[in-house]
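Comments concern the structure below.
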Amino acid sequence: MADKRKVIICDDEDDARLLIQQYIADYPQLQVIKECGNGPEAVAAIDALEPDLIFLDIQMPGLNGFQVLQKIIHVPQVIFSTAFDTYALKAFDNTAIDYLLKPYTKERFARAVNKILIANPKSLEHIRNLSNHLQAGYMAYPEKVLVENGSHMIAIAVTEISRTEADGDYTRIYAS
C-alpha cells in the first residue's frame, strides 16, 4: 500500500475533533498526525508537519480558517468542517476540496474524503498549483462584491463604493 496521507484536524471544539478522528478510523490510508484547537496553532502545525490534508473549521480563536490559509507556507488539501453555511462560496474560492456543514453524517464525510482518495497525483499537483496561484494574488482586491439587497443579491463594482458604515449586524454600502 502507498504511504499514508498525513492529516491535521483544526477545530476549536473537542467533540468535533473527536468525531473526525472516529470517522477517519475507517480509512487506513489516512493518519491523523496532529489536532489543533486554534488558528495560530494550526498555522504552526501545518507548516512544521506538512500534512497532505487538513480538516479546517472556520470560526476558531486567534485566527479564523481563512486567515490560517493566508498565513501558511505549506498548502495541503482542505476540507472545511464548520457550522456556518454562509462561508461555502468563499471556501471553494480558497480551493476547498469539500465543505462539511455541521452536523454531518458519516456518509457525507465519506463523500468528502473519497474526493481526495480517488484523486490522481496529477490532479493533486493541479490543486496545489491553483492554490499557490490564488495565494500569490490574494492581496489584490476583487473587482466586484456580491451584496444582499432585500431578497436578492446584487454585484457592486468595488471602484463604485464610496464608503461603508456599520449598522448593527449589517454594513451599509454607499456606491455611486
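What to note about this one:
- Here Ala2 meets each of (1) closer than 20 Å to Leu100 by Cα; (2) modelled with pLDDT under 95; (3) out of contact with any helix residue (DSSP H, G or I) (no Cβ under 9 Å at 6 or more places or on another chain) with one exception, condition (1).
- Inspection of segment 117-132 identifies at least one residue that is assigned by TED's automatic domain parsing to the domain that holds Asp11, assigned to a loop (DSSP other than H, G, I, E, B) and either over 30 Å from Asp14 (Cα atoms) or modelled with pLDDT of 80 or more (or both).
- The residue of segment 141-171 that is modelled with the lowest pLDDT, among those that are of a type in the set (Ser, Thr, Tyr) and either in the same structural domain as Thr86 (by TED's automatic domain parsing) or assigned to a loop (DSSP other than H, G, I, E, B) (or both), is Tyr141.
- Helices (runs of 4 or more DSSP H) completely within segment 6-105 that count 3 or more residues being free of Cβ contacts under 8 Å to residues at least 40 places away in the same chain and within 23 Å of Leu117 (Cα to Cα): 14-24, 39-49, 88-93
The values are calculated or read from the model by the stated rules, or taken from the named source; none is laboratory data. The model shown is predicted, which means the values in this text are computed figures rather than measured ones. Reconstructed Cβ throughout: ideal geometry from the backbone, glycine too, with neighbour counts over all protein chains shown.
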